[in-house]
Amino acid sequence: MEALTHLGFGETGWGDDIAHGVFVTGSLAVCTLPIGLAVGFLLALAKQSGDRLLFISANIYTTIFRGLPELLTLFLVYFGVNNLLKSFSDATGLPDIALSSFVSGMIALGLVFSAYASEVFVAAFRAIPRGQYEGANALGIGSFMTMRLVIFPQLVRIALPGLSNLWMILLKDTALVSVIGLTDILRQSQIAARVTREPFLFFGTAILLYLVLTLISSIAIGRIDQWSKRGEVSR
Amino acid sequence: MTDLTASAPPSTEKKKPGLAGILFAGFWVVVFASLAYYLAASWNSDLFARYGLPYLEGLWVTVSLVVSSFVCGAILSVPIAFGRMAESRTARVPSFLFVYFFRGTPLIAQIFLVYYGFGEFRGFLDSIGLWWFFREAWFCALFTIALNSAAYQAEILRGAIESVPKGQWEGGRSLGISRSVIFSRIVLPQAMIVALRPYANELILLIKGSAIVAIITVYDLFGITRQAYARTFDFQTYVWAAVLYLVVVEILRRLTNFAEARVTRHMQR
């Protein structure tokens, strides 16, 4: 019964705080996803372009952000950018500006996500036969429209399993941002655990909430997968 | 938008560097030059004298923690992988749940649950004589990372074994070879070639993921870095940690490429 009052909503319980944490976790992951996808796609184009400088530069990017621990990337962004901003505002006399933990988390997780996503996109590009480009060319379709109408739809279908893996990793990595003070699921449970001295109950709840989030994600991904294959013959 | 047109078929002729390439490469030149300038300008021999050795000790803690949890995870992953492939439901369901639980939740939450949560059962753990184990942050980290890695390694092992064609089993049977010998002499060597890269990736992920243990007071490379930063407020402490991590991961990656080239040399033409 005691557990129920602890997890309840309102003044005495921590339910509403943790529910807010779920919202923060979800919105951080959802906000990071489009940035990571867009940057990852551009990086994949750079690796595919045949331009040596673009190829090398994009590979430096992936080597760095796949090699660094996510937590260290987060700290580098949080402390590094904030130090830079501070010395900038000291030098110019402008009012202080600082990155919040949410924005730092978005940048750091976006860097990591895009580095991995670019590899997924590159693999997908390689899986599309040359004939697709040549066919589009023979029909007189311009290179931008070829990309949009011929290549991209196939690319999405091939890249989807890899990208959904990355989404799951992103969702779990948001928990790291709690270390720099983001009030997500883990942070709220940590505070609740400290105040009530019930760490097992609250960290257990946090873990179950993450399981629920990954479960919802896998159902949603299944739907998207069905949708992306709607053009294929059903057997 | 010039990028989008460049994406067309991987062209055979080498293009001249475009504007985007020059800008991107120029960006890195500026970044590395200013980083080198920053490190040179903030060179501090006191800092090195004080934290040089602790950094290397921290690196040793990271490596020993990762290697021991990887090995424990590898041992644990064998029964789980076979449980996943078993015919009986009683073996399949628990191993599926184990894998789902550890892969579906963040490692940092699992570590918190063990390190902070198990303290609540101190009386019970004391009575079965395990409190000395769960009292130490290092052992808690080892315990959690080993279980977590076991879940991932079980999937790698299962995938690798299932990737070996059925005909290999049937061929062995038709020669009258017993099941255990088929497995250890025919299927497993082929599976290990498939599993080599995923295993190496798992090791790299553990090295990166183990930075989390700094939060529960283990002084690994990241823990030492946090301590050094908290005492000096010198940002280069983080930059040096980044360099060390990148070097370790890059060495592992090169070793993997070398090992893979070596074990697949009979397939190269």
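The values are calculated or read from the model by the stated rules, or taken from the named source; none is laboratory data. Only a predicted model underlies this, so the values are computations on that prediction, with no experimental measurement involved. Reconstructed Cβ throughout: ideal geometry from the backbone, glycine too, with neighbour counts over all protein chains shown. Note: areas computed on protein heavy atoms with side chains; ligands, DNA, RNA excluded. Shrake-Rupley method; radii C 1.70, N 1.55, O 1.52, S 1.80 Å.
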Approximate spin-label separation residue B:60-residue A:84, in nm, with each point projected 7 Å along Cα-to-Cβ = 3.6 nm
Please name whichever of B:124, B:167, B:144 sits farthest to the positive end of the charge dipole of segment B:119-269, dipole taken about the Cα centre and charges placed at Cβ: Lys and Arg +1, Asp and Glu -1.
-> B:167
Per residue, accessible area of segment B:47-267 with a 1.4 Å probe, heavy atoms of protein chains only, in Å², comes to 50 Å²
Note down the magnitude of the dipole of segment A:2-228 about its Cα centre, charges +1 on Lys and Arg C-beta and -1 on Asp and Glu C-beta and zero elsewhere, to the nearest 20 debye.
-> 780 debye
Mind ranking B:208, A:172, B:166 by accessible surface for me, highest first, 1.4 Å probe?
-> B:166, A:172, B:208
Fluctuation leader among A:88, A:41, A:23 - chain A, Gaussian network, Cα springs under 10 angstrom = A:88
Scalar couplings 3J(HN,Hα) for segment A:104-120 by Karplus 6.51 cos²θ - 1.76 cosθ + 1.60 (θ = phi - 60°), nearest whole Hz, x for Gly and Pro, are 4, x, 4, 5, 5, 5, x, 4, 5, 4, 5, 4, 6, 4, 4, 5, 4
Sequence of B:128, B:111 when ordered by accessible area, the most exposed leading, probe 1.4 angstrom | B:128, B:111
From largest accessible area down, sort A:20, B:266; use a 1.4 Å probe on the protein chains.
-> B:266, A:20
Any idea how far the Cα center of segment B:194-210 sits from the one of segment A:43-93, in Å?
-> 23 Å
What's the carbon and sulfur percent of segment B:72-178's accessible surface, probe 1.4 angstrom, rounded to a whole number?
-> 65 percent
Among the listed pairs B:166/B:208; A:172/A:229; A:47/A:229; A:47/B:208, which are separated by more than 31 Å between their Cα atoms?
-> B:166/B:208
Square roots of 5 times each gyration tensor eigenvalue, C-alpha, segment B:47-267, largest first, Å | 37, 25, 12
Residue with peak Gaussian network fluctuation, chain A [Cα springs, cutoff 10 Å], from A:145, A:106, A:168 | A:145
Can you list the residues, at least 5 places off or on another chain, whose amide H is less than 5 Å from the amide H of residue A:198, using H built in the peptide plane?
-> none
Per-residue ellipticity at 222 nm for chain B, helices alone: DSSP H runs ≥ 4 residues times -39500 (n - 2.57), over residue total, nearest 500 deg cm²/dmol?
-> -25000 deg cm²/dmol
Round to a whole angstrom and tell me the spacing of the C-alpha centers of segment B:151-177 and segment B:97-131.
-> 34 Å
Whole-angstrom gap from segment A:152-210 to segment B:22-69, using each part's C-alpha centre = 29 Å
Can you find, among A:183, B:106, A:128, the residue farthest towards the positive end of the dipole of the protein assembly as shown? Put +1 on the C-beta of Lys and Arg, -1 on that of Asp and Glu.
-> A:128
For segment B:131-139, Karplus couplings with θ = phi - 60° (6.51, -1.76, 1.60), whole Hz, Gly/Pro x = 5, 4, 6, 7, 7, 8, 4, 4, 5
Over the Cα atoms of the protein assembly as shown, Rg to Rh with Kirkwood Rh, two decimal places?
-> 0.98
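Stokes-Einstein diffusion coefficient for segment A:32-178 at 25 °C in a medium of 0.890 mPa s, Rh from the Kirkwood formula over Cα pairs: what value in µm²/s?
Value of D from the Cα-based Kirkwood radius: 144 µm²/s.
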Residues meeting the amide H criterion for residue A:141 (H placed from the backbone, H to H distance under 5 Å, 5 or more places apart or on another chain) are none
Over segment A:142-187, give the accessible area per residue in Å² for a 1.4 Å probe, as an integer.
-> 37 Å²
Summarise the accessible area of chain A (1.4 Å probe, protein heavy atoms) by the percent that is carbon and sulfur.
-> 67 percent
Please give the total accessible area that chains B and A bury against each other, computed with a 1.4 Å probe and expressed in Å² to the nearest 100.
-> 4900 Å²
In a GNM of chain A with a 10 Å cut-off on Cα contacts, which of A:71, A:176, A:149 has the highest mean-square fluctuation?
-> A:149
Nearest 0.05, what FRET efficiency do residue B:168 and residue B:49 give at R0 = 56 Å with Cβ-Cβ as r?
-> 0.40
Hey, rough spin-label estimate for residue A:30 and residue B:130, points 7 angstrom out along Cα→Cβ, what's it come to in nanometres?
-> 4.0 nm
